[in-house]
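The values are calculated or read from the model by the stated rules, or taken from the named source; none is laboratory data. Since this is a predicted model, take the numbers as computed values, not measurements. In this analysis, Cβ positions are derived from the backbone assuming ideal geometry, glycine residues included, and neighbour counts consider all displayed protein chains. Note: areas computed on protein heavy atoms with side chains; ligands, DNA, RNA excluded. Shrake-Rupley method; radii C 1.70, N 1.55, O 1.52, S 1.80 Å.
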Amino acid sequence: MVKKFFIFLIAAIGLCSCDSPDAHLIVTEADKATKELNEKYFDITCGEWYNEKSDSLMKIYEYIKLGKDRKNVHITKIVTRKIEEINGIKTYSNWEIFQNDTTTGNWELCCTDRDGELTQWIAIEIAYENGAIRRFGHFYYADANELHTDIFYFDKMKRGKAEPSF
C-alpha cells in the first residue's frame, strides 16, 4: 500500500512538472498592458531627449538618455537670478547655479491598475551616493521627434542632444 502511494505521488509530481514554467504565474491586465506598452513604445522611447526654456529670471535645461539596456543618464541644469535695485535703478543680478546634477539609474515603462483603470507610467531611477529613488510620471506617448511624459521639468522632450545655451 505504501509502495502504491509513493508511485502515485511520483506520478502526480511528474505530471505537475510538465507545465511550462510560466503556467502558474498570475498574469494581470496590468501585466498585459505593460507588455503591450513596451512592444509599442520601448524602441522609440530609447535614445536621447532634451528640452530647454528660459525667461528673464530662470533658465532650465534637461537631458535624458534612455538606453536599450534600461539604463539612463539624466542631466538637469538650472540657473536663476534676481531683480535688484541699486541706487534706485532696477537691474538683474548675476546668474547663479541653482541645480547642476547628473544622475544615472534604471528606467522602465509600466502600467498599473487602480480600481479597474489602467495607467501608463515611466519610471526613472535616480542613483545618488547614499542610495537611489524611483520617480514615476505618466507616460503619454513617444514618436520619432517627441517624448510626452510628466516626469521631467518638461512635459514634452525633443529627440536629440543639444548643449544648454547658458
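Condition check: open to solvent by 50 Å² or more (accessible area, probe 1.4 Å), among the acidic types (Asp, Glu) and either modelled with pLDDT of 95 or more or in contact with an Asp or Glu (Cβ under 8 Å, 6 or more places away or on another chain) (or both). Does Asp115 satisfy that? It is false that Asp115 is open to solvent by 50 Å² or more (accessible area, probe 1.4 Å), among the acidic types (Asp, Glu) and either modelled with pLDDT of 95 or more or in contact with an Asp or Glu (Cβ under 8 Å, 6 or more places away or on another chain) (or both).
So is Tyr140 of a type in the set (Phe, Trp, Tyr), under 21 Å from Arg159 (Cα atoms), part of a strand (DSSP E or B) and open to solvent by less than 70 Å² (accessible area, probe 1.4 Å) or not? In short, no. Selection of the range 118-137 for residues being part of a loop (DSSP other than H, G, I, E, B) and either over 16 Å from His74 (Cα atoms) or modelled with pLDDT of 95 or more (or both) yields only Asn130. One residue stands out in the range 86-105 among those that are open to solvent by 90 Å² or more (accessible area, probe 1.4 Å) and among the charged types (D, E, K, R): the one that is modelled with the lowest pLDDT, namely Lys90.
Applying the set (1) open to solvent by 40 Å² or more (accessible area, probe 1.4 Å); (2) touching a residue at least 40 places away in the same chain (Cβ under 8 Å); (3) not in a strand (DSSP E or B) to Glu163 leaves exactly one unmet item: (2).
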